[in-house]
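Worksheet: one structure, shown below.
No value in this document is a laboratory result; all are computed from the given coordinates. This is a predicted model, so every value here is computed, not measured. Because the Cβ atoms are built from the backbone with ideal geometry, glycine has one as well, and the counts that use them run over all protein chains shown.
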Amino acid sequence: MSNFESVESVVEGLYKSVSFAPGAGPDYTLMRSLFHPQGRIIQPSEDTDGIVCGMTVDQFVLHFDARLRAAGVTASGGSEVELSRRTLIFSRIAHVFSNYKFVLHGADEAVAQGVNTIQLVYDSNRWWILNLAWDRARLGEPIEIQEFLKP
């Protein structure tokens, strides 16, 4: 198991866990090790029959693996690549907005892009993902994150 003493190491682990060689599939063991035991994953509504709902990591793994296999992505393999990141940390909590793209192995263009929003908590001498949600953007369109700060 990796050492997740920094927010950066956990986010890097997340991207590593969903990137995989042809025929291999995601590293679900690594994925599970990143999430707090109470961790939740919230997918876009188009991935869950129009309903936004939180899933445990195990529920997500079953759902995600079935979607990858049905779409033929497991056979081709692919990499989710982080393009940029905004991180806010206070004491033992952190919030990360991470812009990503997903590229199939051997392809030049992304097949998906969007933003992951990741909430982390520091507990038991390491950082854990407590919540992960994301939304996809249309391919080729710039991703603009609006920021509103209240003084």
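See the values below:
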quantity	calculated
Estimated inter-spin distance, residue 147 and residue 48, nm [label 7 Å along Cα→Cβ]	2.9
In sequence order, calculated HN-Hα J values of the stretch 140-151 (Karplus, 6.51, -1.76, 1.60; Hz; x Gly/Pro)	x, 8, x, 9, 10, 9, 7, 10, 10, 10, 10, x
Sum of side-chain charges, residue 138 neighbourhood, beta-carbon under 15 Å (Lys, Arg +1; Asp, Glu -1)	-3
Environment charge of residue 37, counting only residues whose C-beta is closer than 15 Å and scoring Lys/Arg +1, Asp/Glu -1	+1
Amide hydrogen neighbours beyond the local backbone of residue 131, cut-off 5 Å, H modeled	40, 119
Simple Cβ-charge dipole of the chain, Lys/Arg +1 and Asp/Glu -1, about Cα centre, in debye nearest 20	300
Diffusion constant of the stretch 7-137 at 37 °C, which comes from Stokes-Einstein with the Kirkwood Cα-pair radius and 0.692 mPa s, µm²/s	218
Local electrostatic count, residue 127, Cβ distance below 10 Å [Lys/Arg +1, Asp/Glu -1]	-1
Furthest towards positive pole of dipole, 83, 127, 9, structure part the stretch 7-137, Cβ charges	127
Segment residue 38-residue 71, extension gain: residue separation times 0.36 nm, minus the distance between their alpha carbons	8.9 nm
Full-extension gain in nm, residue 3 to residue 97, via 0.36 nm per residue minus C-alpha separation	31.7 nm
Förster radius 22 Å - calculated FRET efficiency between residue 133 and residue 30, Cβ distance, rounded to 0.05	0.65
For the stretch 5-44 versus the stretch 46-125, the gap between their alpha-carbon centres in whole angstrom	8
Leading residue at positive end of dipole, the chain (Cβ point charges), from 113, 102, 63	63
For the stretch 33-50, Karplus couplings with θ = phi - 60° (6.51, -1.76, 1.60), whole Hz, Gly/Pro x	6, 7, 8, 4, x, 9, x, 10, 10, 10, 8, x, 4, 5, 8, 10, 6, x
Cleavage-rule hits, trypsin sites (Lys or Arg not before Pro), the stretch 81-128, DSSP coil, Cβ neighbours within 10 Å at most 15	92
